[in-house]
Amino acid sequence: MTRVLVTGAYGCIGAWVVRDLVRRDVDVIAHDIGDDPRRMALVMEPDELEGVTRVRGDITDLAALETLIDAHEVTNIIHLAALQVPFCREDPVRGAQVNVVGTVNVFEAVARRADRMGPVVYASSVAAYDAIDSGSVPAMSSIPGTLYGVYKRANEGTAAIYGAERGVSSVGLRPHTVYGPGRDQGLTSAPTAAMLAAAAGVPYRIPYGGRSQFQYAPDVARAFVQAALVGRDGATVHNLAGEAVAMDGVVAAIEAAAPAAAGLIEFDDVLLPFPSEVDATSLAETIGVVAELPFAEGVADAVARFRRLLADGRVTPGPSAAASASPVQ
């Protein structure tokens, strides 16, 4: 029997991953330092949520993690527990403990049980690339633009060494700009906040511009689950696919999905410190093609979901939405 432990299950990607696993009838244990599965409640039906085994714990505690793995007879881990860019900037030590030490703990726990564990599937990030200047190309030869990116690159190195020295197989995935319900924190959460604002008919200003590679949250979850269930040897890391869209195109897609919001969504002409687009060919070669919605359809689906959530009183728009969310493991 496949039994998947999802760390950081109460985050955006975590919530969608748990939903995907439940709908595949795969046993799932949701692990998080928090005690509020509100994002899971946004994307799952009540009966689905009730059927999920939820365990509160700290990924920095290796002994507790090992006890959990053994008690629940875990066979696979999808490791998503992390502090996002703003929280790593505010508390670098805690950021390193969660993002780096927490990842080492996952690999160490799996290495000690290598005979019965599938590959570790973990979230890296496009932020692991070198800080990028206008006109430069994606590279891994210099320094990332944020501490968060430094931590994520360290995790890719951890995976490589555990693969070479301990035989732990792994697949690392680098999301870029994930959007959709549940995405309410992190540097690139603003486009989602704009979609929510448009659904509510209120103004919103995205604090950056440029071109980004957009990935709809349920499609991202599908990639993580597919990587876990395919089961590959070796330690590999891949960029996620997605459609690269300039911010004026993002605004146009939002207005197409919510015509009454025309003119309400604006953005600043500020570039992010990582590549605007990266190649994802190796991912399909490793785990197969991952089905995904075209960007305009994904935005329309997200706006429609937000309208339903607004009607139920389960979400509230506002420019401080991303900043007000508590750090999630």
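The values are calculated or read from the model by the stated rules, or taken from the named source; none is laboratory data. Note that the structure is a prediction, hence the values are computed from the model and not measured. Note: ideal-geometry Cβ built from the backbone for every residue, glycine included; neighbour counts use all protein chains shown.
Here Val168 fulfils each of the conditions (1) under 19 Å from Ala82 (Cα atoms); (2) assigned to a loop (DSSP other than H, G, I, E, B); (3) modelled with pLDDT of 95 or more apart from (1). Are there any pairs with C-beta distances below 6 angstrom linking a residue in the stretch 48-61 that is farther than 21 Å from Val22 by Cα to a residue that is of a type outside the set (Val, Ile, Thr) and in a loop (DSSP other than H, G, I, E, B), with the two at least 6 apart or on different chains, and if so which? Matching pairs, first to second residue: Ile59/Ala81; Ile59/Gln329. For the stretch 203-212, the condition of being touching a Ser or Thr at 6+ places or on another chain (Cβ under 7 Å) and either of a type in the set (Ser, Thr, Tyr) or part of a strand (DSSP E or B) (or both) holds for at least one residue. Of the residues making up the stretch 1-18, those that are over 14 Å from the mean Cα position of the chain (by Cα) and of a type outside the set (A, V, I, L, M) number 2.
Per the listing Gly209, Gly263, the residue uniquely within 19 Å of Val303 (Cα to Cα), over 20 Å from the mean Cα position of the chain (by Cα) and of a type outside the set (A, V, I, L, M) is Gly263.
Only one entry of Ala160, Ala111 meets the criterion of being over 20 Å from the mean Cα position of the chain (by Cα), under 21 Å from Thr286 (Cα atoms) and modelled with pLDDT of 95 or more, and that entry is Ala160.
Filter the stretch 88-118 down to the residues that are among the hydrophobic types (A, V, I, L, M, F, W, C) and surrounded by fewer than 21 Cβ atoms within 10 Å (Cβ to Cβ) and list them by number. Val93, Ala96, Val100, Val101, Val104, Ala111, Ala114, Met117 - these are the residues of the stretch 88-118 that are among the hydrophobic types (A, V, I, L, M, F, W, C) and surrounded by fewer than 21 Cβ atoms within 10 Å (Cβ to Cβ). Listed by position, the helices (runs of 4 or more DSSP H) contained in the stretch 276-329 that have at least 1 residues being out of contact with any strand residue (DSSP E or B) (no Cβ under 8 Å at 6 or more places or on another chain), at pLDDT below 95 and crowded, with 16+ Cβ neighbours inside 10 Å are 321-324.
Residue pairs whose Cβ atoms lie under 7 Å apart, sitting 6 or more positions apart in sequence or on different chains, and linking a residue in the stretch 242-263 that is charged (D, E, K, R) to a partner that is assigned to a helix (DSSP H, G or I) and at pLDDT 95 or above, are Glu243/Phe295; Glu255/Ala261.
Contact map, the stretch 278-290: residues that are under 18 Å from Ser170 (Cβ atoms) and touching a residue at least 24 places away in the same chain (Cβ under 8 Å) paired with residues that are of a type in the set (S, T, N, Q) and not in a helix (DSSP H, G or I), Cβ distance under 7 Å, separation 6+ or inter-chain. Pairs shown: Ala280/Asn239; Leu283/Asn239; Thr286/Thr236. What's the total number of residues in the stretch 13-67 that are of a type in the set (Phe, Trp, Tyr) and surrounded by fewer than 20 Cβ atoms within 10 Å (Cβ to Cβ)? So the count comes out to 0. With respect to the conditions (1) surrounded by fewer than 22 Cβ atoms within 10 Å (Cβ to Cβ); (2) not in a helix (DSSP H, G or I), Gln226 falls short on a single one, namely (2). Checking each residue in the stretch 131-165 for being outside any loop (DSSP other than H, G, I, E, B), surrounded by fewer than 24 Cβ atoms within 10 Å (Cβ to Cβ) and touching a Phe, Trp or Tyr at 6+ places or on another chain (Cβ under 8 Å) picks out Gly149, Thr158, Tyr162.
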